[in-house]
Protein chains: 2
Amino acid sequence: MSRRILKYAILGLLSKEDMSGYDITSEFKKAIGQFWSAKHSQIYVELKKLLEENSISQYIKMAGVKLEKKMYSLTTKGKEELRNWLLELDKNVETEKDIFALRLYFLKDIPTEEIPVLFNNQLKLRTEKLSFLKEQFSFHFGGEKNPLHLDAEALGHYFVLTKAISREENYINWLNKSLDIINKQESR
Amino acid sequence: MSRRILKYAILGLLSKEDMSGYDITSEFKKAIGQFWSAKHSQIYVELKKLLEENSISQYIKMAGVKLEKKMYSLTTKGKEELRNWLLELDKNVETEKDIFALRLYFLKDIPTEEIPVLFNNQLKLRTEKLSFLKEQFSFHFGGEKNPLHLDAEALGHYFVLTKAISREENYINWLNKSLDIINKQESR
DNA sequence: TCCAACATGTAACAAGTTACATGATTTG
DNA sequence: CAAATCATGTAACTTGTTACATGTTGGA
């Protein structure tokens, strides 16, 4: 993988507001999780490291009577590091790994009758994901189709959601086109 | 990551023809590298492991006078494993990691004048990649737009290339739309 | 004859997953 | 009062990257 992306993902989230490890884990289940994610086990060790490196600081927030929730905020150093990272220009496009596409490349080893099964499974998964994303979009931006009035924070969210939605729509479109070719071939 | 995807990527490639570690490394720079890839260092250790596990077998092919090229082929076990893996149904869609989208989510921390710089850099990278993919497409499928006559092996290649091309076109489209919004906002 | 591409490997390290482990709080 | 969710952590292991290391072959 690339150089400490999780570090910057965490710094970026903390730049919006103070969060606990659990909060960060939850964020990765929402919009930004479409483009980066991590399990809680990885997040807790990264937070520990970031704290040691003084990129973030910690304080306790009581949740109920006994539960000490550990909250984190950016330090000056952390803010500086985030800002520098955000301005870095990518040198090349990394492989966007996709197991379904990989499988399909080996099409000749898949029995003909199984091919539509694989496609339909993928269509189902992608359609469900698209619904989830569209719900998220309505929830945050409602019927409002015009993003011109949004502030910078909301606009970041808007871009990421529209990106994820167009990615899934494009994926589904390609699946349908390809399945069409498969069906026409079979009746050759 | 998921369970030994590299193993199956290698088995799949070897199912097309016998290859050396170097050949496999080269394949990951072409079409299939859009959806899965690995460095030679990882490939050589995986080949060693696959050989020990009897999923592949090895023989020597002289390349020149001294150079012993190590060729690998699938064993019966390897073929069986590949076939089973190809029929597995995905249970969920994995995060397709994208650093540019991640950065953009943190838009509010990017100075306004730097935003178009980031977009233009990404547009350049994606446009270059699209050109590469279209060249690959012409090379393999020429002016021929009709895939109905292709055999299973060529069709797998066709699907993967059209997938990669539509992914990049869609990406560029979203970049242009988003940059448009940015420009309109600035002159608000 | 030089240089790019061909060819193969190991070591150290970083990143990511799965499983184990425990306890508190909220909601029905 | 039970179950779901909130909340935090560690250990073992797998996967992936970067750097180190070396030698051959083909073409300009």
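If I filter the range B:17-42 down to residues being within 11 Å of DNA strand D (Cβ to nearest atom) and more than 14 Å from chain A (Cβ to nearest Cβ), which single residue comes out as most open to solvent (accessible area, probe 1.4 Å)?
B:Tyr22
Hey, among the residues in the range B:1-16 that are more than 9 Å from every other protein chain (Cβ to nearest Cβ) and in a helix (DSSP H, G or I), which one's nearest to DNA strand D (Cβ to nearest atom)?
Here the residue is B:Leu6.
Just to be sure before I move on: is A:Asp90 under 26 Å from B:Leu11 (Cα atoms) and acidic (Asp, Glu) in the structure I sent? Before you say what the answer is, go through the steps one by one.
Working: under 26 Å from B:Leu11 (Cα atoms): no; acidic (Asp, Glu): yes.
No: the conditions fail for A:Asp90.
Among the residues of the range A:55-93, write down those that are at the interface with chain B (Cβ under 7 Å from one of its Cβ atoms), of a type outside the set (S, T, N, Q) and either open to solvent by less than 10 Å² (accessible area, probe 1.4 Å) or assigned to a loop (DSSP other than H, G, I, E, B) (or both).
Once the filter is applied, which keeps residues that are at the interface with chain B (Cβ under 7 Å from one of its Cβ atoms), of a type outside the set (S, T, N, Q) and either open to solvent by less than 10 Å² (accessible area, probe 1.4 Å) or assigned to a loop (DSSP other than H, G, I, E, B) (or both), the range A:55-93 yields A:Leu82, A:Leu86, A:Leu87, A:Leu89, A:Asp90, A:Val93.
Restricting to the range B:121-131, give me the number of residues that are at the interface with another protein chain (Cβ under 10 Å from one of its Cβ atoms), of a type outside the set (D, E, K, R) and without any contact (Cβ under 8 Å) to a residue 40 or more places away in the chain.
Within the range B:121-131, residues that are at the interface with another protein chain (Cβ under 10 Å from one of its Cβ atoms), of a type outside the set (D, E, K, R) and without any contact (Cβ under 8 Å) to a residue 40 or more places away in the chain number 2.
Just to be sure, is B:Lys30 among the charged types (D, E, K, R), assigned by TED's automatic domain parsing to the domain that holds B:Leu82 and either without any contact (Cβ under 8 Å) to a residue 40 or more places away in the chain or more than 14 Å from DNA strand C (Cβ to nearest atom) (or both)? Walk me through how you get there before you give the answer.
On the way: among the charged types (D, E, K, R): yes; assigned by TED's automatic domain parsing to the domain that holds B:Leu82: yes; either without any contact (Cβ under 8 Å) to a residue 40 or more places away in the chain or more than 14 Å from DNA strand C (Cβ to nearest atom) (or both): no.
When the stated conditions are applied, B:Lys30 does not pass them.
With respect to A:Asp151, is the statement that it is out of contact with any helix residue (DSSP H, G or I) (no Cβ under 9 Å at 6 or more places or on another chain) and loosely packed, with under 15 Cβ neighbours inside 10 Å true?
Answer is no for this residue.
Are any of the residues in the range B:134-144 farther than 27 Å from A:Glu27 by Cα, more than 10 Å from chain A (Cβ to nearest Cβ), open to solvent by 70 Å² or more (accessible area, probe 1.4 Å) and in contact (Cβ under 8 Å) with a residue 12 or more places away in the chain?
Yes.
Might you check whether a residue that is more than 7 Å from chain A (Cβ to nearest Cβ) and surrounded by 15 or more Cβ atoms within 10 Å (Cβ to Cβ) occurs anywhere in the range B:102-117?
For the range B:102-117, residues more than 7 Å from chain A (Cβ to nearest Cβ) and surrounded by 15 or more Cβ atoms within 10 Å (Cβ to Cβ): present.
How many residues, within the range A:94-132, are within 23 Å of B:Gln34 (Cβ to Cβ), more than 20 Å from the chain's Cα centre (by Cα) and outside any loop (DSSP other than H, G, I, E, B)?
Residues flagged as within 23 Å of B:Gln34 (Cβ to Cβ), more than 20 Å from the chain's Cα centre (by Cα) and outside any loop (DSSP other than H, G, I, E, B) within the range A:94-132 amount to 11.
Being acidic (Asp, Glu), open to solvent by 20 Å² or more (accessible area, probe 1.4 Å) and within 25 Å of B:Thr95 (Cβ to Cβ) is the filter here, so list the residues in the range A:154-187 that pass it.
The answer is A:Glu169, and nothing else.
The values are calculated or read from the model by the stated rules, or taken from the named source; none is laboratory data. Here the structure is a predicted model, which is why all the values come from computation and not from measurement. Cβ: placed from backbone, ideal geometry, glycine included. Neighbour counts: every protein chain shown. Please note that ligands, DNA and RNA were not included when accessible areas were found on the heavy atoms of the full protein model with its side chains. Shrake-Rupley method; radii C 1.70, N 1.55, O 1.52, S 1.80 Å.
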